[in-house]
Structure formats: C-alpha cells, structure tokens
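First the structure, in the form of structure tokens, and then the observations on it.
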Amino acid sequence: MEFKSLKDPVVADNGTAVAFTARPDRGNPEGRIRLANGELITVERAEKPQLSADGRFALFEQPVALLERENASAKARKKLKGGAVLVDLQSGEQTAYERVKSAAFSDDGTLLVVLFEAAEEEKDKDKEEAPETKSGEGDDNEPAIDDKELGSELLVQRLSDGKTVRFDAVRDYALAEQAGSLAFSTSVEEGKGNGVFRLGPDLAVLPVFEQDGMGTASLVWDRNGRQLAFSWGDLTEQPRHRTHKVAVWADGELRWQDLNHADFMVSGHSKLQFSRDGERLFIGRQIRTAKIPEPPKFDSEADLTDIDRLLARSDLVLWHGDDEQIKTREMNQYDKERKRTYQGVWHLQGERFVQLTDGALPELVLAENRRYLLASSDKPYRKMISWAGFYRDWYLVDLNSGERRLLAEQVSSGDKPTLGPDDGHVFWHVRDALYHHDIAANRTRKVADGFSNENHDYPSPAPGYGFGPWLENDAALLLYDKFDIWRFNPAKGELIRLTEGREATTLYRVKQTDPDQLAVAADAELLVHGVNEQSKAEGLFRLNLADGALTAWQQGDYKISFHAKAEDAPTLLISYQRYDRFPDLYRSEGANGEPARVSQLGGQLADLDWGQAQLVRWQTEDGQALKGVLITPPGYDGKTPLPTMIYFYRIMSDRLHAFPQMAINHRPNFPWYASEGYAVFLPDVVFEVGQPGPASLKALLSGAKKLVEMGVADPEAIGLQGHSWAGYQSAYIATQTDFFASVVTGAPVSNMTSAYTGIRLGSGLGRQFQYESGQSRIGKTLYEAPELYLQNSPVIYADRINTPMVIMFGDEDDAVPWEQGIELYLAMRRLSKPVVMLQYQGEPHHPKQYPNKVDYSIKMKAFFDHTLKGAPAPDWWQQGLPFSKPDK
C-alpha cells in the first residue's frame, strides 16, 4: 500500500529542474523536485507539479489529507477543498495556500496566480440572512445572480520580489500562452461593477469593460497576449439560455459581435479560442432550444384530477424503434448534448463571421490551418452504433465560406484523417486502403492497399496504424505500417520506406518532442521509439530525414519511454523499466550520451523479494506460435514445480519488461504472489471470430501444459484469474476442462444470449456491437447464429464445471450487467458445484473503494493458497457469510 509510483513528470522550460509526484497506493502523495545541481526537494502532501519557465519556482496541488477525507461524512466530504504549495527552489521555502480552485504560473514565469474557492462559512451565512424570494428574485424583485456564478478571491504575486495583490469576486482569469499577460473578470452578488480587467505594469489593474449584472462565460488571450476576447451576458439567466455578445480587446479598443440569431446563440457554455496567428477567433454557438419547464404543481383540489396536469407530471421515457440512439445512450449523453456548441469563426481582420458546423456536421477539429479544417459527423451511423460500433463521415470545411467537401464516408472511429498544416493535402485510411486528397485540385486517389492492423482479430474492418508528422510546406507525410515508418511525397505520388523494421521484426514510431510543432523540416533529426516484436527489447533512435540514417541512442532488454522535452533547452526526460527495474526518471541533454538518473524511487525494491521475468514460447495443438511472460520467485532454480497462477486478457507478452503495477485492485499483485512461492504466467491469447471461448481455451491450456513440460508448474496446482473479458474466458474454460485447480473470475459474461441485449450502463450503449463487431467476436447476430452464442456461453455448460470457482461483481457494474454473475452463480448452485460469489455493494466494473479492493485481494489470495498450496480453507469458502448491515 505504501509503495510509491512515479507520476506527473515535468521539466522546466530551461531544463534546470525536474518535478514529479511520488504517489503511494494508499496514503498522501509527495511532490519532489530535482535541481540541476542534484539537490532534491520534497513537498509533503503534494501532486501534479508545475515549474516556472526559469526553473526558479515549483507549484503543486495539495489534496485534502487522506485521513481527513476518509473520516468525513459524504456531505462533509463534498465541502473539503484542496490547496496549493509554492516552492522557492533557491531558498527551499514553501508557502501553502488553502481552499484553492486553480493556480498557475504565467508562461514567462513572472507571476503566480491563485484563485480561491469561495469561503464556505460566508456562503452559509449569506443563505441564512437572505430573505425568502420567488423564482430567483432578489431584493426589489430584481433577478438574483446564482451563487454558482459569483466570484471569489484572486491572488497575484510577482515572483521576482514577492509583491502580492488580491482581488475580490473574481469569476475567471486568463493567462496568455506565450506571454505574461493576465486578465480576469468579476461577479459580485449584487452585480455592481462587474467587469473585465487586465493587469498592467507594476500589478496595476486596468479596466477593459464594466457593466452591472453581467459577466463572462469565456475569457481568453491570444497566444502573444496582445488580444483579449470574452463573451458577455446576463448572469441572472441560466447558462443554457443566456445570450452573450462577444468582444475582442486590442490596443485599448473594443470590438463587438452580436451573434445571437433565431437559430444560433452564444450561450454560457460557449467557448472562445484564438488561432495561433491571432487572425481568427473560433466561437462555439449553441442551437436555440425552448426552455423545458418544471412540472406544474397541484394548486387546488381540482388540479388533482386535471388530465393535462397529470399528463404534464408523467415521468415517461418512450423508446421508439426508429430512435437515432437508444434511450439509455440518449440519457447518458443528454447533458453533453444540451451543452454542445457548434463552431464558427470570426475573421478578425474584418467583421466577417462564418458558421462552420451545425446539427448535421457537429464536430470540428480545431487546428492552425489558415484556410481549411477537418469536420466530421457520426449522425448517419448513430442507430447502428448499437450493433456495428462507431463510424463517421469526414469533410473538409472552408474557413472563408463555410463550404463543405465530403472526403470519406463511414470511416471507423479509430481512423482519423490528417490535414496538412499548409492546407495542401488530406490523408486517411478506410477499408484496408490509404487515400490522398489534393485540396487545390479537388482530387482523391488511392495511395496503397493495406497499411491495416495485421493483428486485428475482430469481426470489423481493421484500422490503420496512423500517421506521423508532416514535413514543412506539406512536402511529405510520415506514416506507418505495422513495423515501419514511410514517407509519402504527394507531388510525386512517391511512397518510400524509411526504416527496415519488418526485416528485424521491430516496430518504429516517431516520438513528438515538441507538441507545438506543426511540421518538421525536410532535413530534421527525429526521435524514434522502437520495440522488437520477438524479444520485446526497446530503444530510442535518431532518424535523419535528410539521408534516412537510423542511429541507435538507447537500446536494451527493457521498456523505454520518452516523457517530455524542455521547451527552450535540449533536455529530455526518459525512463527505463523491467519487471525488476523501477521506471525512474533520467535526463539527457539531447538524444546523445548517457542519461543521468533524476529520481531514486527504485530504491524501494532493495528489501523486497521480487522475483524475475522471462519470455516463454510455445505452440498450440494446431501449430499457432504464442508467447507469454513467466514470473518466478526470487532465486528459483527451475527444479521444483510451483503452484502457478495464470493472469491473462489478450496480448500479455508485451508486459515482459513492464514494471508491475504496485497497487491493490482487481488484479493479483505479481511480486506478492512471486514472493509467496508462486509462478505467475501471463500468456497471449489470439482469437478466432465466432469461437472466442474455444480460442482462449486452446491458448491457455497449451500454455499451461508448456509450463508443466518445463518443470515450472505443478500440474495439480494451476489456477486462473481473469477480469471482464478475461473473466468470461476463465469461466468458459472451467466448463471445458478440469485441468485447472481453481478459477477466480471477475465481472464475467456468462450468458451471451442475455448479455447480447444488455446495456453498458456507463455509456448507455447497447451491448450488441460487442458481439457482432467487437471484443466478444461472434461476428453475427443472435438471430443469424444462435448456436454460436450458446456454444460460447459458460452458463450453458455449467453442468460440466468441477473446478472450484469464485465469482466477483460490483452490483453497480457499468460495463457488464452484474446479473451475468448471478446467472452463473445460480446455475452452479442449482447443480451443487463449488462456487462463491463476492458481491461488492455500490461498486462499478472495477472496485473503487479501497476496503473492497483489500478484501477482494485477500480473499483471492486465500482461495489460491487453499486450492493451489493446500492451505486451510478460509471460513467464507467453507460456510459463507450471513448478510448484515450496521444498526441505526
């Protein structure tokens, strides 16, 4: 529980400091900063660091202490607010701020800005003293501003000398992305003096605009802090129906646009965003809809039998066979759709506004292009989401006219097109082919067949491997097949392979080191990540685009990750990991030389019995080659067969060099089991459409027999543990073989015929798509192939189960209906099979409450100790536990 993982790594823009979070599985996080001189600064109860541009200061969020949060009632917990900690990296001084809503440095590192939560006691006092009002009216029957719209205290500190100013009733603030500009808006209870202000020289406040009772919904600077945009509306109105004008301030002058028309409006949910060059302002507008009134009250005895009032109070949800989406999905998306905005653009060199999207074409991909953007719509396919999955049509939208050009139809959601930053070309992958669209010529051509996922074992179109960066002037695009990086020159129609990954079975991918870079130079040197498919060894390489040379920088039997690059320095942050090597941070001045270690969390392994991991290869009975990861106890000599726990899902051999997650959750903790004398096996499973259960059985049974053949696994002491999709597999396998000594199955589908027409409550989606085109891989409807659904359903063969089984479910599972667990439990109970079902109340698909995770982990371990090591049976397994609840 106390083992710390490394999270949230950041590096200062000048590369002089690195910060991260050391987070225990159970406990308060610690903030840590490593300076260039090697000094380490620790900040108690701190997380999510920011570093000032000059590396002089660090800022951490400070969450509420775990003990305080755990002991608070549900009502009191909602009122608990975290804080922030400012750290001076020269003096080591730490300054804490309580009840912080948000905090940030200005981009140039000169300012600290802290917006506080409204004081809770003042809110309560105000509510007690406020007179009763009707329909949101305040004194003198004037509409009142809702408490949620009121501002709170803002602190601004100049970091160079500590000078601090505070402002009351601040509703929102904005910092420029590449400047020290700060602006804020205010909202006071009476609305008097509400306005937008900016910070001038020596922290002086300069008004931009003031108007009583009004306020901002969006406030944003352009990239260089020269233009300020805001929306301005009546705060006494509800955000959904509040109309706003839009203003742009520059050089002391205000320009306004009133974009509230019969069909569209700028609402309280509308957001503003400048283009990087400051020439365009994107404005989200909502489609006008009528207000939905509250149900009428019964004001008289006659009202109690009034048909119109009774019907108005009916709580009906009507499901129609031709609905665009099923009602649970519609309900799930309701709030999002009520807040949905449709993008338009204000061309700031004049007053021209162009609406770009609408109800028919709702999604716009904002980018820095000057003439065109990509937009998409899933509306033609929303009905078929229930059984076919997610698709959309893609369009090219002209920023000058709003004209739309259809590019591709019914593209899988995983295949997003890429638009050249200079408006020259668009590429996309659809239905096993690559396509190129020349924008100026308005011409589309197929570039190549293939470039599709070669390991796609689902009954749906295989997606592509995606795209890398564009070269400057849209001269070329880098793209991927399974192994290699390719360059396509649209002018020549030339597709050239830059790497030789297929021959070496090594997958190469470009790592983007500068998130602001729109395109790379034709002679650039790129950072490339590579992983060998056979050995799982990884590396970082330098790819020279000028001559195609690929040079290894770091390469070995480990997993290596790129995390960040300093904005104004060559400093890179990377990490290495293996099963027995903690992923500590390392820094390097560019992709050259040997990196230096920054963090020391790997020292936690010094006194732990960890074990070791190795790759195992075998073949199934029909000759299919598979791989898996075998973890054995510390010092294991390979001579004594071990009790073995198999954990699986799909492709697990990729975890050979992955450091194990040191947390208590729905999975077994691998080092814990290894230290207790277990072998842990993580086998690959390759599926066959229509036969997911038999394919899983074939892979796992052959893999387990390989371990027995190696002398590692005791054939009488092999157990299975799987969750969700692997929970299904483990339950199915128990119906087909007695080879395994015990099974723990978490959140399994047990009956595909009933699960087929179930609902994923987390998303509101019907589950039919999982069987016809998704993970469950049946590939046909229940009505086309009922035999496949029956043949792959564990509950149908429950009479064959002899293996002791523990079923685990949260009774608020938002992915698999928890009734699936009940079906399997009741079948086994009726057949007098050895079974216990663990029902965790109020839990979703994966248990979230820590006591429940601990309980499940301990029970799982005790069950395997009993069935695989011969330990005494736990009482709950022998005689169960009666239901109980605390006395009131």
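Let me know the Kirkwood hydrodynamic radius for the range 766-807, please, with Cα pairs as the basis and the value in Å to one decimal. Working shown, then result.
Working: mean 1/r = 0.0860 Å⁻¹.
Answer for the range 766-807: a Kirkwood hydrodynamic radius of 11.6 Å.
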For the range 610-649, treating each Cα as an identical point scatterer without solvent, what Debye log10 I(q)/I(0) comes out at q = 0.32 1/Å? -1.17
Would any residue of the range 186-227 have its amide N under 18 Å from a label point 7 Å out along Cα→Cβ of Asp146? List them or say none. 187-191, 213-218
Give me the base-10 log of I(q)/I(0) for the range 1-51 at each q in 0.18, 0.22, 0.29 Å⁻¹, Debye formula, one uniform scatterer per Cα, rounded to two decimals. -0.52, -0.73, -1.07
Where the centroid of each part is defined by its Cα atoms, how far is the range 181-199 from the range 665-721 in Å? 62 Å
In whole Å, largest first, what are the principal axis extents of the Cα atoms in the range 143-199? 44, 22, 18
Any idea how far apart Ser675 and Glu253 come out in nm if each label point goes 7 Å out from Cα toward Cβ? 7.0 nm
Selection of GluC sites (Glu not before Pro), the range 493-553, meeting DSSP coil and at most 14 other Cβ within 10 Å: Glu500
Mind running the shape call on the range 755-888? Use the C-alpha gyration tensor, a ≥ b ≥ c as the square roots of the eigenvalues: rounded below 1.5 for a/c, prolate if a/b tops b/c, oblate otherwise. oblate
Computed for the range 500-545: size of charge dipole around the Cα centre, +1 on C-beta of each Lys and Arg, -1 on C-beta of each Asp and Glu, debye to nearest 20, value 160 debye
Can you work out the Karplus-derived ³J(HN,Hα) for every residue in the range 667-675? Use 6.51 cos²θ - 1.76 cosθ + 1.60 with θ = phi - 60°, whole Hz, and x for glycine or proline. 9, x, 7, 4, x, 4, 5, 4, 5
Using bins 5 angstrom wide from zero, how does P(r) for the range 501-649 break down, in % of all Cα pairs? 2, 7, 13, 17, 16, 14, 11, 9, 6, 3, 1, 0
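Is the C-alpha gyration tensor of the range 335-426 telling us rounded, prolate or oblate? Criteria: a/c under 1.5 is rounded; beyond that, a/b larger than b/c is prolate, otherwise oblate.
On the way: a/c = 2.56, a/b = 1.48, b/c = 1.73.
Judged from the Cα gyration tensor, the range 335-426 comes out oblate (a/c at least 1.5, b/c at or above a/b).
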Sorted from largest down, what three extents in whole angstroms do the Cα atoms of the range 435-499 have along their principal axes? 38, 28, 16
Under the classification rounded if a/c is under 1.5, otherwise prolate if a/b is larger than b/c and oblate if not, where does the range 266-398 fall, given a ≥ b ≥ c as square roots of the Cα gyration tensor eigenvalues? oblate
Can you list residues whose amide H is under 5 Å from Thr506's amide H, if they're 5+ apart or on another chain and H is modeled 1.01 Å from N? Glu533
Compute the distance from the alpha-carbon center of the range 812-869 to that of the range 32-85, in whole Å. 36 Å
Given the -39500 (n - 2.57) contribution per DSSP H run of 4+ residues, what per-residue ellipticity at 222 nm results for the chain, rounded to the nearest 500 deg cm²/dmol? -4000 deg cm²/dmol
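Tell me, what is the per residue accessible area of the chain in Å², probe radius 1.4 Å? The partial results should precede the final answer.
Working: 40540 Å² over 888 residues.
Roughly 46 Å² per residue, with all protein chains present.
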Long-range amide H partners of Tyr579 with built H, under 5 Å: Ala658
Under the 0.36 nm per residue contour assumption, what length would be gained going from the current alpha-carbon distance of Ile292 and Ser832 to full extension? 188.9 nm
Given 0.36 nm per residue, what is the gain on full extension from Asn473 to Leu406 after removing their alpha carbon distance, in nm? 21.8 nm
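Quick one: pull the percent of accessible area on the chain belonging to carbon and sulfur, 1.4 Å probe, ligands and nucleic acids left out. Intermediate results must be reported in sequence, preceding the final value.
Numbers: 18760 of 40540 Å².
Within the chain, the accessible surface is 46 percent carbon and sulfur.
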Share (percent) of C-alpha pair distances in the range 182-233 greater than 13 Å works out to 56 percent
Return the FRET efficiency for the residue pair Asp212, Gln604: r is the Cβ-Cβ distance, R0 is 51 Å, and the value is rounded to the nearest 0.05. 0.30
Ranked from highest to lowest mean number of other Cβ atoms within 10 Å per residue, what is the order of the peptides 144-152, 482-490? 482-490, 144-152
If I histogram all Cα-Cα distances within the range 679-835 using bins 5 Å wide from 0, what percent of pairs lands in each bin? 2, 10, 19, 23, 20, 15, 8, 3, 1, 0
What are the semi-axes of the equivalent ellipsoid for the range 677-725, taken as the square roots of 5 times the Cα gyration tensor eigenvalues, largest first, in whole Å? 22, 12, 8
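Take the eigenvalues of the Cα gyration tensor for the range 200-277, scale each by 5, and report the square roots as semi-axes in whole Å, largest first.
Values: eigenvalues 109, 48, 22 Å².
Computed over the range 200-277, the values are 23, 15, 10 Å.
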Looking at the chain from every direction and averaging, what is the projected area of its Cα convex hull in nm²? 42.8 nm²
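What are the equivalent ellipsoid semi-axes of the range 292-365, built from the alpha-carbon gyration tensor (square roots of five times its eigenvalues), in whole angstrom, biggest first? Don't skip to the end; give the middle numbers.
On the way: eigenvalues 324, 75, 16 Å².
Taking √(5λ) for each eigenvalue gives 40, 19, 9 Å, largest first.
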If we sort 578-589, 437-448 on the protection proxy, mean other Cβ atoms within 10 Å, highest first, what's the order? 578-589, 437-448
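How much FRET efficiency would the formula 1/(1 + (r/R0)^6) give for Leu203 and Ala491, where r is the Cβ-Cβ distance and R0 is 56 Å, rounded to 0.05? Each step should come with its number before you reach the end.
Details: r = 53 Å, r/R0 = 0.95.
E(calc), rounded to 0.05, equals 0.55.
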Just need the relative contact order of the range 765-888 here, percent rounded to a whole number, with Cα pairs under 8 Å and 6+ apart. 18 percent
Relative contact order %, the chain, counting alpha carbon pairs below 8 Å whose residues are six or more apart: 6 percent
Expressed in nanometres to one decimal, the distance between label points 7 Å along Cα→Cβ at Glu324 and Lys75 is 4.1 nm
Tell me which residues come under 5 Å, amide H to amide H, from Asp813 once H is placed; ignore anything under 5 positions away on its chain. Trp818
In Å, descending, principal axis extents of the Cα set of the range 146-287: 52, 38, 21
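Normalising by the residue count of the range 656-752, find the relative contact order in percent from Cα pairs under 8 Å and 6+ residues apart.
Details: 113 pairs, mean separation 20.6, N = 97.
Dividing the mean separation by the residue count of the range 656-752 yields 21 percent.
The values are calculated or read from the model by the stated rules, or taken from the named source; none is laboratory data. This is a predicted model, so every value here is computed, not measured. Ideal geometry is used to build each Cβ from the backbone, glycine not excepted, and the neighbour counts take in all protein chains shown. In case anyone asks, the SASA skips ligands and DNA or RNA and just uses the protein heavy atoms, side chains included. Shrake-Rupley method; radii C 1.70, N 1.55, O 1.52, S 1.80 Å.
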